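Report on the following structure.
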Amino acid sequence: AVLAGMALARLGVPLVQHVREDFTPYGSLWPPWRQALSRADALLAISGSVAAQFELGSRVRVVPDGLTALSALPSRSAARRALGLAPDAWVVALPGRLARWKGQDVLLRALPALPGAVAVLVGGAWRDDPAPLVALQRLAGELGVADRVRFLGVREDMENVLAAADVVVQPSTGREPLGNAALEAAAAGRPVVASAYGGLPEVITDAETGLLVPPGDPSALAAALGRLRGDPELAARLGAAASADVSRRFAARRLLDTVQEIYDEVVLRSGKAE
């Protein structure tokens with residue numbers, strides 16, 4: 001679709017590119033790709049972190065994703081029964097693809113400092129590659145926390161995961177373009193601990209709507225989780241503040257209106273308006 005859009009643009013058709021990825025891992029392939037993308041009449045980036053990959057100017061606009069309607073959350077007890085979790089466990093959920101940069105290993109390394117806490121990892125590996133799961137299971141065994149880690153795989157019932165969790169974490173060590181797992185958890189009113197990296201600080205404001213920690217630091221993650229575990233009132237306050245904040249800033253109507261305004265501007269500038 002991107003290449004087709006570029007071809008049409010050469011024929012004089014107005015082009016708006018939506019950029020949703022961090023391309024920096026592409027190395028030497030990224031500069032020519034960036035140059036090609038930059039020929040668009042407008043570049044819509046889902047976060048400031050994504051936008052920063054380009055020469056910032058009037059054509060680059062930060063347009064975050066909009067929240068879809070969330071399913072009503074079941075009760076905590078019902079959600080835990082559905083997931084096979086103990087009703088009295090303190091549960092930390094990490095939704096996301098099983099990949100090294102997603103930070104599942106960081107959470108596992110934080111668990112020894114959180115006695116009794118249960119980590120729930122939700123998601124599968126790219127193309128069902130078994131290696132990431134095997135590596136994480138091995139690490140959990142080496143750390144002595146295998147009995148406190150649940151690998152749930154890909155789930156269609158994220159409402160149960162969110163309802164069952166005391167805290168949701170997104171401890172990514174790579175640059176998240178935005179951080180949809182944190183966004184959805186915040187919208188559901190769950191306290192979030194996330195890496196202060198990439199687009200995540202654009203979703204979570206430290207100590208106001210969640211807690212941010214340095215990426216790749218199990219000790220810092222454990223300290224933040226321990227703080228929320230020891231202060232349920234703080235956890236509830238951060239969750240409520242996050243829900244109100246992201247529901248306003250990431251409203252679907254706001255996304256649609258902004259995109260329509262940009263499309264209108266591009267068409268008017270091109271002289272294609274009727």
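The values are calculated or read from the model by the stated rules, or taken from the named source; none is laboratory data. Because the structure is a prediction, the values reported are computed rather than measured. Glycine also receives a Cβ, built like all others from the backbone with ideal geometry; neighbour counts cover every protein chain displayed. Note: accessible area is taken over every heavy atom of the protein model, side chains too, but ligands, DNA and RNA are not part of it. Shrake-Rupley method; radii C 1.70, N 1.55, O 1.52, S 1.80 Å.
Listing for the model above:
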read-out: Residue within the stretch 117-127 that is surrounded by fewer than 22 Cβ atoms within 10 Å (Cβ to Cβ) and either more than 18 Å from the chain's Cα centre (by Cα) or of a type in the set (Ser, Thr, Tyr) (or both) present; value: yes
read-out: Qualifying positions in the stretch 52-82 - in a helix (DSSP H, G or I) and in contact (Cβ under 8 Å) with a residue 24 or more places away in the chain; value: Arg76, Ala78, Ala79, Arg80, Ala82
read-out: Criterion (assigned to a loop (DSSP other than H, G, I, E, B) and either modelled with pLDDT of 95 or more or more than 21 Å from Val50 (Cα to Cα) (or both)) met by exactly one of Leu178, Leu225; value: Leu178
read-out: Number of the condition not met by Glu202 [criteria: (1) in contact (Cβ under 8 Å) with a residue 60 or more places away in the chain; (2) open to solvent by less than 20 Å² (accessible area, probe 1.4 Å)]; value: (2)
read-out: Only listed residue being surrounded by 14 or more Cβ atoms within 10 Å (Cβ to Cβ) and without any contact (Cβ under 8 Å) to a residue 40 or more places away in the chain, chosen from Leu98, Leu85, Leu114, Leu107; value: Leu98
read-out: The listed residue being of a type outside the set (A, V, I, L, M), farther than 25 Å from Gly174 by Cβ and either in contact (Cβ under 8 Å) with a residue 60 or more places away in the chain or in a strand (DSSP E or B) (or both), out of Arg237, Arg269; value: Arg269
read-out: Residue that is surrounded by the most Cβ atoms within 10 Å (Cβ to Cβ), among those in the stretch 128-169 that are part of a helix (DSSP H, G or I) and either at positive phi or small (Gly, Ala, Ser) (or both); value: Ala164
read-out: Number of positions in the stretch 25-43 that are in a helix (DSSP H, G or I) and either without any contact (Cβ under 8 Å) to a residue 12 or more places away in the chain or surrounded by 12 or more Cβ atoms within 10 Å (Cβ to Cβ) (or both); value: 12
read-out: Residue that is farthest from Val62 (Cα to Cα) [pool: residues in the stretch 212-239 that are among the aliphatic types (A, V, I, L, M) and open to solvent by 60 Å² or more (accessible area, probe 1.4 Å)]; value: Ala223
read-out: Qualifying positions in the stretch 181-200 - in a loop (DSSP other than H, G, I, E, B) and under 19 Å from Val120 (Cβ atoms); value: Ala188, Gly189, Arg190, Pro191
